[in-house]
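Working notes for the structure below.
No value in this document is a laboratory result; all are computed from the given coordinates. Just so we're clear, the structure is a prediction, and the values are computed from it rather than from any experiment. As a convention, Cβ positions derive from the backbone with ideal geometry for all residues, glycine included, and neighbour counts pool all protein chains shown.
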Amino acid sequence: MALKGIEFTTLEGKRFTKRDEKLGQVRIDTNSTVTSISERNNKEAEVAFRYSVTYGGAGMITIEGRFIYEGDAPALAKEWGEKRNMPNEMASEIHTSIIQACIPLAILLARDLQLRLPIPLPNINIKDDKKKNRESSGIEVA
């Protein structure tokens with residue numbers, strides 16, 4: 001699969017609380033939704049999507065757009081037209097592409113609205129090496 005020509009049509013962010021208001025524990029939910037699929041030709045289909053992040057009662061971010069899916073367009077469009085569903089492998093590729101395209105924008109909108117980032121940040125743990133050095137002299141004996 002190849003994705004080409006991604007176009008964003010809606011970038012919306014809202015904060016429902018005041019900046020100085022303590023948010024406490026806020027549940028962050030993200031969702032990627034395909035809203036429509038239409039076949040352009042035998043090798044291309046246009047996929048419209050919505051990516052949303054909700055922060056409970058604190059705020060929300062919505063990104064909508066469309067892109068061209070290159071692959072087995074007839075099979076994708078047929079399944080979507082009949083069942084509003086996609087073959088699993090195609091669905092995985094499409095939703096991964098949506099998330100990869102939208103996360104950077106969602107991070108920028110969250111920063112500007114002073115909401116928590118929609119992705120977990122890694123924690124860095126530095127261990128005390130002094131304790132480790134006392135236990136071994138650094139000399140290897142065979």
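With K and R counted +1 and D and E -1, the other residues having a Cβ less than 14 Å from that of ASP29 yield a net charge of +3. For the pair GLU7 and ILE124, label points projected 7 Å from Cα toward Cβ lie 4.2 nm apart. Look at the alpha carbon pairs under 8 Å that are at least 6 residues apart: their mean separation over the length of the chain gives a relative contact order of 25 percent. Dividing the summed -39500 (n - 2.57) terms of all DSSP H runs of n ≥ 4 by the residue count of the chain sets its mean residue ellipticity at 222 nm at -10000 deg cm²/dmol. Of THR62, THR54, THR17, the residue with the greatest mean-square motion in the GNM of the chain, using alpha carbon springs below 10 Å, is THR17. Rg to Rh ratio, segment 44-94, alpha-carbon atoms and Kirkwood radius? The Rg/Rh ratio comes out at 1.11.
Here Rg/Rh (Cα atoms, Kirkwood Rh) was calculated from the structure, and among [x] 0.94; [y] 1.23; [z] 1.09 it sits at label [y].
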